[in-house]
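Data first, discussion second: the structure below is written as structure tokens.
Laboratory data are not the source of any read-out in this text; all were calculated from the coordinates shown. Since the structure is predicted, the reported quantities are computational estimates derived from the model, not experimental observations.
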Amino acid sequence: MRILYLLFAIVLLLFQAAPGSADPLFADTAECRTQGNFCRAGQCPPTFAVSGSCHGGMLKCCSK
């Protein structure tokens, strides 16, 4: 029965840190997302190109 409490806590933590759950704090992030693009920490996937930056230049904005 104790494991149930642990699993419940882990599930709550996972959903709390879900991407896109918070309002963007940076203007460049909001601009990237309104254009239908997404932010990524590393290189963009092979079929995507870098079209700008996100989170104050810390991430890359990837577009099709």
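Key figures
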| quantity | calculated |
| --- | --- |
| Amide hydrogen neighbours beyond the local backbone of SER53, cut-off 5 Å, H modeled | CYS61 |
| From phi via Karplus (6.51, -1.76, 1.60), per-residue ³J(HN,Hα) for segment 38-47 in Hz, x at Gly/Pro | 9, 9, 8, 6, x, 5, 5, x, x, 8 |
